[in-house]
Amino acid sequence: MNGGAVRLVAVNGGLSEPSSTRMLIDRMTAAVTDALGEREAAVEVEVIDLRDLAVDLGRAMTVGFASGQARAALDAVESADALIVASPVFNASYSGLFKMFFDLVDVDAMSGKPVLIAATGGSPRHSMVLDHALRPLFSYLRTVTVPTGVYAASEDWAGAESAGGSGLSGRIDRAANELAGLIGPRAAGGAASDTRSRVGDTQHDARGTGPDVRQQTIEAAGIANFARLLGPS
């Protein structure tokens, strides 16, 4: 929590510009913001476009630690109260860039975090990516994924909405309300412990083990791992 506001971070794995995946992200963040607004919760939204981090993520995978914009994006995800994630479908799975990013997150920081998963593709047949690829990934990260995943095929952007709330808008609204329901108790608990966290951070920094030292430790470990891979000169 930041001043009582819910931190909602959306991760866009789309690679093109314009991107249907980014369009889906925007619709879902708006729906979740509205659902939280009905619960009288303030929301701070941050959208991370992974295509802008491609070089930093490639470098992080080769040296063993993230820096620059990639590090800032990872910090945002790890400190978020809830996540919305979406990727285009590539060969029956999420994009490689999407996987690279989530390979770098701190699993402990993800534990119990509410997540709305989504994907885009050309055909409705690819909707199985939600349950066969995305859901297992975020289960491994120990997050809590909402029951409704959102898949948008090409026809969802052009056709009329299906009756009974089964169309794209209905699926988005249902998933948004499920995520808002998970965020409520978590955010309330975060607000209760916010003061304790700030005191703990201050004491942590006073002992010289704050975020800067943590980053230095991560980088030192990455350099050591890279040196071992190179072997003796």
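The values are calculated or read from the model by the stated rules, or taken from the named source; none is laboratory data. These figures come from a predicted structure and were not determined experimentally. Because the Cβ atoms are built from the backbone with ideal geometry, glycine has one as well, and the counts that use them run over all protein chains shown. All accessible areas refer to the heavy atoms of the entire protein, side chains included, with ligands and DNA or RNA removed. Shrake-Rupley method; radii C 1.70, N 1.55, O 1.52, S 1.80 Å.
If a/c stays under 1.5 just call it rounded; otherwise compare a/b with b/c (prolate if a/b is bigger, oblate if not). Do that for segment 1-45, with a ≥ b ≥ c from the square roots of the Cα gyration tensor eigenvalues. Since a/c reaches 1.5 but b/c is at least a/b, the shape of segment 1-45 is classed as oblate. Between Asp52 and Ala30, the simple spin-label model (points 7 angstrom out along Cα→Cβ) gives 2.0 nm.
When the residues Lys99, Lys113 are ordered by accessible surface, computed with a 1.4 Å probe over the protein chains alone, the sequence from largest down reads Lys99, Lys113. Extension gain for the segment Asn91 to Arg135, taken as residue separation times 0.36 nm less the Cα-Cα distance, is 14.2 nm to one decimal. Once the Cα-Cα distance is subtracted from the 0.36 nm per residue extended length, the Glu78 to Met128 segment shows a gain of 15.3 nm.
Using a probe of 1.4 Å on the protein chains alone, the accessible area found for Ser154 is around 70 Å².
Per residue, the average separation of C-alpha pairs within less than 8 Å and at least 6 apart gives segment 1-157 a relative contact order of 24 percent.
What number comes out for the charge environment of Ile117, summing +1 per Lys or Arg and -1 per Asp or Glu over other residues with Cβ under 14 Å away?
On the way: positive: Lys99, Lys113, Arg135, Arg171, Arg174; negative: Asp131, Glu178.
Overall, the nearby charge balance is +3.
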